[in-house]
Amino acid sequence: MRKKIVAGNWKCNTTVKEGVELAKSVNELVLTRGAKDVVVVLGTPFTHLNSVAESVDRNRIQIASQNCAAESKGAFTGEVSVSMIQSTGANYVILGHSERREYYNETSEILNKKLALILEQGLIPIYCCGEALTIREAGTQNEFVKQQLDETIFYLTEEQLLKIVIAYEPIWAIGTGKTATTQQAQDMLAYIRGLIAAKYSKSVAEEISILYGGSCSASNANELFSQPDIDGGLIGGASLKAEDFLSIINGY
Ligand code: 13P
């Protein structure tokens with residue numbers, strides 16, 4: 001059975017001290033009141049990974065970076081490699097977030113290099129995809145997302161694909177308070193699962209966790225997570241408040 005996952009993406013927020021405090025609060029709440037069958041992931045800035053990894057119960061909380069270098073090591077000033085990330089205790093990498101694609105020109109070619117390094121190192125990529133508002137308004141969101149997948153994760157072998165998590169995040173719903181309707185989210189996730197079934201097999205498609213992200217909150221998580229193809233969420237703003245994040249985890 002595929003995993004239910006609720007992953008926080010803290011983005012460029014919190015100092016190390018604030019991040020550790022937040023992680024400790026989440027840890028406490030998850031241990032005492034959190035749904036036991038949900039995988040909880042904290043996606044922190046690079047600078048926080050090690051301290052956060054050391055302040056939570058690693059049997060219960062997983063740690064993600066929000067990016068990684070496209071090279072394994074060497075003269076790439078300012079970059080953070082997958083093995084460095086792994087050495088902090090993190091075991092997930094959020095990859096291809098629309099903010100990185102848009103503001104830092106992350107192309108499919110770059111993402112493929114990163115994907116290969118993450119998988120080689122045994123970490124789990126949370127691969128993000130999703131369309132802009134203009135594309136949604138034109139009604140071509142399925143074609144757009146298919147192209148993103150065709151150019152990246154659909155190059156993976158079946159064995160590799162089974163190791164990844166996919167997050168569909170429509171750009172128009174990120175940080176806007178404008179969540180995709182439950183039906184829009186379910187439709188896209190079912191569409192992605194259908195693409196995987198057609199390209200690989202139905203059993204592979206059934207194994208892969210696909211998350212929804214974009215203004216997911218304590219008030220809408222329950223309805224979103226009740227859908228058959230929504231296996232959890234990638235949470236931005238609401239992951240910065242421990243109680244809100246817990247409510248989303250308990251949205252199942
Ligand atoms: P918000 O939950 O703040 O809309 O952000 C979603 C997101 O981008 C998570 O990666």
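The values are calculated or read from the model by the stated rules, or taken from the named source; none is laboratory data. None of these values were measured; they are calculated from a predicted model. Here the Cβ is made from the backbone with ideal geometry for all residues, glycine too, and neighbour counts use every protein chain on show. The area values use the complete protein model at the heavy-atom level, side chains included, leaving out ligands, DNA and RNA. Shrake-Rupley method; radii C 1.70, N 1.55, O 1.52, S 1.80 Å.
All Cα-Cα separations within the stretch 99-252 were binned at 10 Å from zero, giving a P(r) of 11, 41, 37, 12, each value a whole percent of the pairs.
Assuming charge only on the beta carbon of Lys and Arg (+1) and of Asp and Glu (-1), the dipole of the stretch 19-137 about its Cα centre is about 280 debye to the nearest 20. Counting heavy atoms of the protein chains alone, TRP172 has an accessible area of about 20 Å² for a 1.4 Å probe.
Suppose R0 equals 30 Å; then what is the FRET efficiency for SER219 and ASN13 from their Cβ-Cβ distance, rounded to the nearest 0.05?
The calculated FRET efficiency here is 0.90.
Ordered by solvent-accessible area of protein heavy atoms (1.4 Å probe), largest first, the residues TYR168, TYR252 come out as TYR252, TYR168.
Judged by the mean number of other Cβ atoms found within 10 Å, the most tightly packed of the peptides 106-114, 43-51 leads the ranking 43-51, 106-114.
Using a/c under 1.5 as the rounded threshold, could you call the stretch 75-127 rounded, prolate or oblate? The axes a ≥ b ≥ c are square roots of the C-alpha gyration tensor eigenvalues, and prolate needs a/b larger than b/c, oblate otherwise. In terms of gyration-tensor shape, prolate. Couplings for the stretch 152-165, taken from phi via the Karplus curve 6.51 cos²θ - 1.76 cosθ + 1.60 with θ = phi - 60°, read 10, 5, 6, 7, 6, 6, 4, 4, 5, 4, 5, 8, 9, 10 Hz in order; Gly and Pro are left as x. Loop-only check: which GluC sites (Glu not before Pro) in the stretch 113-163 are DSSP coil with at most 14 other Cβ within 10 angstrom? Sparse-neighbourhood loop GluC sites (Glu not before Pro): none present.
According to the calculation over all Cα-Cα pairs in the stretch 1-131, the P(r) per 10 Å bin from zero is 12, 43, 34, 10, 1 %.
Dipole magnitude for the chain: computed about the Cα centre from +1 point charges on Lys and Arg Cβ and -1 point charges on Asp and Glu Cβ, it is near 400 debye.
Please work out whether the stretch 1-75 counts as rounded, prolate or oblate from its C-alpha gyration tensor, where a ≥ b ≥ c are the square roots of the eigenvalues and a/c under 1.5 means rounded, while otherwise a/b larger than b/c means prolate and anything else oblate? Oblate is the answer for the stretch 1-75, as a/c is 1.5 or above yet b/c matches or exceeds a/b.
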